[in-house]
1. Which GluC sites (Glu not before Pro) in region 37-106 pass both tests, a DSSP loop state and at most 12 other beta-carbon atoms within 10 Å?
2. Please work out the C-alpha center-to-center distance from region 86-120 to region 157-233 and express it in whole Å.
3. Counting pairs of Cα atoms in region 1-136, how many percent are more than 22 Å apart?
4. Taking H as built 1.01 Å from N, whose amide H comes closer than 5 Å to the amide H of residue 117, not counting residues under 5 places away?
5. How large is the Rg to Rh ratio of region 78-208 when both quantities use alpha carbon positions and Rh follows Kirkwood?
6. Which residue, 41, 143, 88, has the most motion in a Gaussian network model of the chain that connects Cα atoms within less than 10 Å?
7. Could you give the Stokes-Einstein D for region 10-77 in µm² per second, using the C-alpha Kirkwood radius, 25 °C, 0.890 mPa s?
8. Taking only DSSP H segments of four or more residues, each worth -39500 (n - 2.57), what value at 222 nm results for the chain once the sum is divided by all its residues, to the nearest 500 deg cm²/dmol?
Amino acid sequence: MHWHKTFSSNPYGQNAAGNYATSTPAADEFGVVVTWTSPAGIVMLALDPEGHQMWRRELGDYIGLNGSGTSPIIVDDVVILTNDQDDGVLLSRLSGNENPDAPMGTSSILALDRNRGVNRWELSREAALAAYSTPCLHTRHDGRRELILTSTAHGITGVDLTSGQVNWEVRDIFTDRCVGSPVMAGELVIATYGHGTKGDICVAARAGLSGIGDESTLAYEITKGVPLVPPPLVVNGLLFCIPVVGRWRGDLLECRQWRIALAAASRW
């Protein structure tokens, strides 16, 4: 082991399938970027290859029934974090015990300077059911790159990597949480959502089109064998989905069902 660092935090409630290290670190030749949450708020930290702290940001409160889970990504000299949070009133309404005073999370997408940790841009987002998906990258026909994001409130969104402006958005797709991360299949965005431990629907949206989730914006959808957490995988025109339906006991997953579904990504 080259180096080891320990950081203190406080216990907090979260989904039984999660833990305090659910978010995956992002690494490049300059070091590693990590993030975690606690009742005190969101922390993002950058360490150099020797484990020395480069910068640390306190990013404000986090409201999420299941804890946090989204992971940072590094694109060139920018760190991206989707800070999607819960609408407490909506959660209480869905549970059948509406509380108008329930806390409301403040959702956003953050782009930070890789070397200094200062904001490059921040895009405010609506809060609904907190998403845990990590964005992927898409290169448009004009050569500009955009982030592809999924959430209950916004559906599927293309956001310009440099400016943080919304290029397009398809809403009214997801009725529950987006846990698995989106992937690109050519000009199709493959994205999933679900509830509990089960994925509900996988959709293929046409990148660049705005509207609602209907035949004009969606190429197809899959309703069987859909993963909740593992993102789909596209290889040589085939779409691989690995739905795992099970329950966590400590660090052990009891897998009750394991299937692999294959579909031609361009013509399912």
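1. On the way: sites: 50, 58, 98; in loops: 50, 98.
Answer by residue number: 50, 98.
2. 20 Å
3. Working: 3536 of 9180 pairs.
Everything past 22 Å amounts to 39 percent.
4. Excluding prolines and chain starts, which carry no amide H, there are no hits.
5. Working: Rg = 15.3 Å, Rh = 15.4 Å.
Over the Cα atoms of region 78-208, Rg/Rh equals 0.99.
6. 143
7. Values: Rh = 12.8 Å.
D = 192 µm²/s.
8. Details: 1 runs with 7 residues, N = 268.
Computed ellipticity for the chain at 222 nm equals -500 deg cm²/dmol.
The numbers here are math on the coordinates, done by the rules we state, and not lab data. All values derive from a computational prediction rather than experimental measurement. A quick note on method: Cβ atoms are made from the backbone with ideal geometry, for glycine too, and the neighbour counts reach across all protein chains shown.
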